[in-house]
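Beneath this line is the structure, given in structure tokens, with notes to follow.
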Amino acid sequence: MDLWLGSLEREAALAIDAGDLPRDTDPADVAFQLNALAAAASYGFQLKRDPEVFERARRSMRGVLGSGINAPDGAGRSDRGRTGR
């Protein structure tokens, strides 16, 4: 778990340095929130078998990262070629 959260935290720090996230963003908070949302989606699907939980998690993650990132309609900022799935 430490490796996973550490990876998310390092990526968040890189995004802050690149200007993709606000300077006052705490990388550890971003890592925590993204991990929590991924876990919630996994639990939700396991318990309810509702695939909508994954789209809900994606929307929530976009909120953590900034609403324009990976917008489904292609609008907003790019995050270096990564696509929303």
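The numbers here are math on the coordinates, done by the rules we state, and not lab data. Here the structure is a predicted model, which is why all the values come from computation and not from measurement.
Listing for the model above:
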read-out	value
Residue-span extension gain [Glu11 to Ala28] - 0.36 nm each, minus C-alpha spacing	5.1 nm
Potential extension, Lys48-Asp2 segment - 0.36 nm per residue separation minus Cα distance	13.7 nm
